[in-house]
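Novice: Input: one structure, supplied below.
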Amino acid sequence: MKEDLKAEVLRKIDTWPRFRFLHLPTPVKFLANLTEKYKGPEIYIKRDDLTGWGFGGNKSRKLEFIVADAIKKGHNSLFTWGSVQSNWCFQCALTSSRFGLKPLLLLFYQDKRPEDEGNILLDRLAGAEIYFYEAPAGKVVTRDLASSLIEKMLPELKAKNLNPYIVSVGGSMPFGSMEAPLGAISYLLAFHEAWEQAKNLGISFHYVVHATGSGATQAGLLLGARIFSPQTKIIGLSVSDEKTSFSQEVRTIVEAALKALSLEIKIEAEDIIVLDDYLEGGYGVFSPRVTKVIKELLQREGVVLDPVYTAKAMIGLIDLIERRYFKEKDRVLFFHTGGTPALFAYGKKILSLES
Ligand SMILES: *Cc1c(COP(=O)(O)O)cnc(C)c1O
């Protein structure tokens, strides 16, 4: 894309409401030990687990825009949902409280109500009001179900003078009170940030690899790459959905972001790379490989991975290297999207899987 168009995109995003509370840029580091072991491409890491907000993670970038949008629209509360160990929900809780909005969370559990551990402990400490709900057995929680449950609670909340900004899980899909895909916009900027860091190091990345869940991170990185570094490919490693339906979600968010930015860029089907080979049993389910990779990154690189997202993405990255997906001269950037609090909720399970 032409220089003036790049500048125009950045200028446009700059006019949107945003509170700046993160420690940016997050570090980019070369993983020398891992690179040496696998003898494949050079592996770098973007430490978005170190945004300096709560325990960091990708949701904090999204909330710089989302909470500013909520305040601008006159809300005094924020309502969202997720699974019990949702990183998104904790980040919503702490950001809402910090900016004077009452955090309301609908948390879905399977089988039995969870203990106040990991992110739930943090939700409580951050001042969230939590409503627990048993997820339908064997089914994913849909936007329709979550939003209809929230809808039913609105009169009761109104009686308490709460007027919640309703935002979809992960801050990804434009829905409820969030009209533009603000989460994806924040990740367009995250790509730009990493691209500038690479430029300062005198390098560029051939691939960016990351865990993908509700789609905004991938949509934003994809657009960032198309605008600033078209030769960089983005690979989203799914932790929950199968690739066909999930690619469609990413596309919907991409199209919404293009519309919000008044940009005309054609995104081809092959630009949206989602792999679903590393689910390791499904969302929040773990295999011995999860424990193994967490230990490996900690012992070799001093990096803590979480079991739900980043460990699975790293399993995928290592497997792709071993299967010679990349060339030896390639440079690959692994985006660490955070999630470390969940490690402490699943500790016993993870140790029991040690092989
Ligand atoms: C939410 C989350 C993701 C996925 O990001 P999306 O934008 O929802 O796709 C990846 N890693 C971690 C740790 C997360 O909490």
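The values are calculated or read from the model by the stated rules, or taken from the named source; none is laboratory data. Remember, it's a predicted structure, so these values are computed and weren't measured experimentally. When we count neighbours, we look across all protein chains shown, and the Cβ atoms used for this are built from the backbone with ideal geometry, even at glycine. Protein only, heavy atoms only, side chains kept; ligands, DNA and RNA dropped before computing areas. Shrake-Rupley method; radii C 1.70, N 1.55, O 1.52, S 1.80 Å.
Novice: Check cross-link reach from Lys2 to the lysines: straight Cα distance under 16 Å, and skip same-chain residues fewer than eight apart.
Specialist: Lys12, Lys266
Novice: Turning to a different aspect of this structure: DSSP loop (so not H, G, I, E, B), at most 10 other Cβ within 10 Å: list which chymotrypsin sites (Phe, Trp or Tyr not before Pro) in segment 129-200 pass both filters. Spell out each step's value before the answer.
Specialist: Numbers: sites: Tyr131, Phe132, Tyr133, Tyr165, Phe175, Tyr187, Phe191, Trp195; in loops: none.
In loop regions of segment 129-200 (DSSP not H, G, I, E or B), there are no sparsely surrounded chymotrypsin sites (Phe, Trp or Tyr not before Pro).
Novice: Something else: Given the protein chains as shown and a 1.4 Å probe, how many square angstrom of Thr252 are accessible, to the nearest 10?
Specialist: The value for Thr252 is about 60 Å².
Novice: May I ask you to evaluate 6.51 cos²θ - 1.76 cosθ + 1.60, the Karplus curve with θ = phi - 60°, for each residue of segment 341-349 and list the ³J(HN,Hα) values in order in whole Hz, giving x for glycine and proline?
Specialist: Result, rounded to whole Hz: x, 5, 3, 6, 7, 10, x, 4, 4.
Novice: Moving on. Would you rank Asp241, Asp277, Asp69, Asp111 by solvent-accessible area, highest first, keeping every protein chain in place and using a 1.4 Å probe? Mind dumping the intermediate values first?
Specialist: Numbers: Asp241 50, Asp277 85, Asp69 25, Asp111 135 Å².
From most accessible down to least: Asp111, Asp277, Asp241, Asp69.
Novice: For segment 307-355, state which trypsin sites (Lys or Arg not before Pro) are in a DSSP loop and have at most 10 other beta carbons lying within 10 Å of their beta carbon. Display every interim value, and only then the final one.
Specialist: Details: sites: Lys312, Arg323, Arg324, Lys327, Lys329, Arg331, Lys348, Lys349; in loops: Arg323, Arg324, Lys327, Lys329.
Within segment 307-355, the qualifying trypsin sites (Lys or Arg not before Pro) (loop, at most 10 other Cβ atoms within 10 Å) are Arg323, Arg324, Lys327, Lys329.
Novice: Hey, if we sort Leu351, Leu237 by accessible area with the 1.4 Å probe, largest down, what's the order? Write down the numbers at each step before the final one.
Specialist: Details: Leu351 115, Leu237 0 Å².
The ordering from most to least exposed comes out as Leu351, Leu237.
Novice: Output ³J(HN,Hα) for segment 275-286: one whole-Hz value per residue in order, computed from phi by the Karplus curve 6.51 cos²θ - 1.76 cosθ + 1.60 with θ = phi - 60°, and x for Gly and Pro.
Specialist: Computed from phi, the couplings for segment 275-286 are 10, 10, 8, 10, 6, 6, x, x, 5, x, 10, 10 Hz.
Novice: Under 5 Å between amide H atoms, partner at least 5 residues away or on a different chain: which partners does Tyr109 have, H built in plane at 1.01 Å?
Specialist: Answer set, sorted by chain and number: Tyr133, Glu134, Ala135.
Novice: Still on this model: Return the percentage of antiparallel bridges among DSSP beta bridges fully within the chain, rounded to the nearest 5 %.
Specialist: Working: 4 of 38 bridges.
Roughly 10 percent of the beta bridges in the chain run antiparallel, per DSSP.
Novice: At 1.4 Å probe size, with the rest of the protein present, what percent of the exposed accessible area of segment 61-171 is carbon and sulfur atoms?
Specialist: On the way: 2550 of 4870 Å².
Here it works out to 52 percent.
Novice: With springs only between Cα atoms under 10 Å apart, run a GNM on the chain and tell me which of Gly183, Gly302, Gly213 wobbles the most.
Specialist: Judging by the Gaussian network model, the answer is Gly302.
Novice: Taking a ≥ b ≥ c as the square roots of the eigenvalues of the Cα gyration tensor of segment 298-355, is the shape rounded (a/c under 1.5), prolate (a/b larger than b/c) or oblate? Don't skip to the answer; put the middle values down first.
Specialist: Working: a/c = 2.56, a/b = 1.90, b/c = 1.35.
Verdict is prolate for segment 298-355.
Novice: Also: Please give, to one decimal in nm, the separation of the simple spin-label points placed at Leu201 and Tyr109, each 7 Å out from Cα toward the Cβ.
Specialist: Going from the Leu201 label point to the Tyr109 one covers 4.2 nm.
Novice: Cα-Cα over 29 Å: which of Lys59/Lys349; Lys139/Lys327; Lys243/Lys327; Lys295/Lys327? Write out the running numbers ahead of the final one.
Specialist: Working: Lys59/Lys349 25 Å; Lys139/Lys327 39 Å; Lys243/Lys327 24 Å; Lys295/Lys327 26 Å.
Among Lys59/Lys349; Lys139/Lys327; Lys243/Lys327; Lys295/Lys327, the Cα-Cα distance tops 29 Å for Lys139/Lys327.
Novice: Once phi is turned into ³J(HN,Hα) by the Karplus curve 6.51 cos²θ - 1.76 cosθ + 1.60 with θ = phi - 60°, what whole-Hz value does each residue of segment 325-340 show in order, with x for glycine and proline?
Specialist: Listing the rounded values in order: 5, 9, 8, 5, 8, 5, 10, 10, 9, 8, 7, 7, 8, x, x, 4 Hz.
Novice: Also: In a solvent-free Debye calculation with one equal scatterer on each Cα, what is log10 I(q)/I(0) for the chain at q = 0.13 Å⁻¹, listed in the order of the q values?
Specialist: -1.00
Novice: Using the heavy atoms of the protein chains and a 1.4 angstrom probe, tell me the accessible area per residue for the chain in square angstrom. Please list the in-between numbers first.
Specialist: On the way: 15450 Å² over 355 residues.
Here the per-residue accessible area is 44 Å².
Novice: Could I ask something else about it? If amide H atoms are built 1.01 Å from N in the plane of the peptide, which residues on other chains or at least 5 residues away come under 5 Å of the amide H of Arg18?
Specialist: Residues meeting the amide H criterion: none.
Novice: Which longest run of the chain has no exposed loop site in it, a site being GluC sites (Glu not before Pro) in a DSSP loop with at most 14 other beta carbons within 10 Å, and the site itself not part of the run?
Specialist: Details: sites that count: Glu115, Glu179, Glu242, Glu264, Glu268, Glu328, Glu354.
With GluC sites (Glu not before Pro) excluded where exposed in loops, the chain gives 1-114 as its longest stretch.
Novice: Can I ask one more? Pick from Arg251, Arg143, Arg61 the residue whose mean-square fluctuation is largest in a GNM of the chain, springs joining Cα atoms under 10 Å.
Specialist: Among Arg251, Arg143, Arg61, the largest mean-square fluctuation in the Gaussian network model of the chain belongs to Arg143.
Novice: Over segment 83-129, with a single point scatterer placed on each C-alpha, what log10 of the ratio I(q)/I(0) does the Debye formula yield at q = 0.14, 0.24, 0.26, 0.27 1/Å?
Specialist: Taking Cα atoms of segment 83-129 as identical point scatterers yields -0.29, -0.77, -0.88, -0.94.
Novice: At 1.4 Å probe size, put His206, His192 in order of accessible surface, largest to smallest.
Specialist: Numbers: His206 65, His192 30 Å².
Largest to smallest exposure gives the sequence His206, His192.
Novice: What's the local net charge at Ala180, with K and R +1, D and E -1, over the other residues with C-beta under 13 Å away?
Specialist: On the way: positive: Lys12, Arg18, Lys62, Lys72, Lys73, Lys259; negative: Asp69, Glu179, Glu255.
Local net charge: +3.
Novice: Report the convex hull volume per residue for segment 61-171, counting only C-alpha atoms, in Å³.
Specialist: 96 Å³
Novice: Between Ala70, Ala184, Ala198, where does the largest GNM mean-square fluctuation fall for the chain, given springs only between Cα atoms within less than 10 Å?
Specialist: Among Ala70, Ala184, Ala198, the largest GNM mean-square fluctuation belongs to Ala198.
Novice: Rounded, prolate or oblate for segment 180-320? Axes are the square roots of the Cα gyration tensor eigenvalues, ordered a ≥ b ≥ c, and the cut-off for rounded is a/c under 1.5.
Specialist: On the way: a/c = 2.22, a/b = 1.38, b/c = 1.60.
Since a/c reaches 1.5 but b/c is at least a/b, the shape of segment 180-320 is classed as oblate.
Novice: Under 12 Å from the Cβ of Lys59, count the other residues' Cβ atoms, weight Lys and Arg +1, Asp and Glu -1, and hand me the total.
Specialist: Working: positive: Arg61, Lys62; negative: Asp48, Asp49, Glu64.
Every neighbour counted, the sum reads -1.
Novice: Give the distance, in whole Å, between the Cα centre of segment 286-355 and the Cα centre of segment 1-70.
Specialist: 20 Å
Novice: Turning to a different aspect of this structure: Mind listing the long-range amide H neighbours of Ile235? Cut-off is under 5 Å, sequence gap 5 or more, other chains count too, H placed in the peptide plane at 1.01 Å from N.
Specialist: Amide H neighbours of Ile235, under 5 Å, 5+ apart: Val208, Val209, His210.
Novice: Next question, about the same structure. Nearest 5 is fine: what % of DSSP beta bridges in segment 8-108 come out antiparallel, could you say? Provide the component values of the computation, followed by the final result.
Specialist: Details: 3 of 10 bridges.
Antiparallel bridges: around 30 percent, rounded to the nearest 5.
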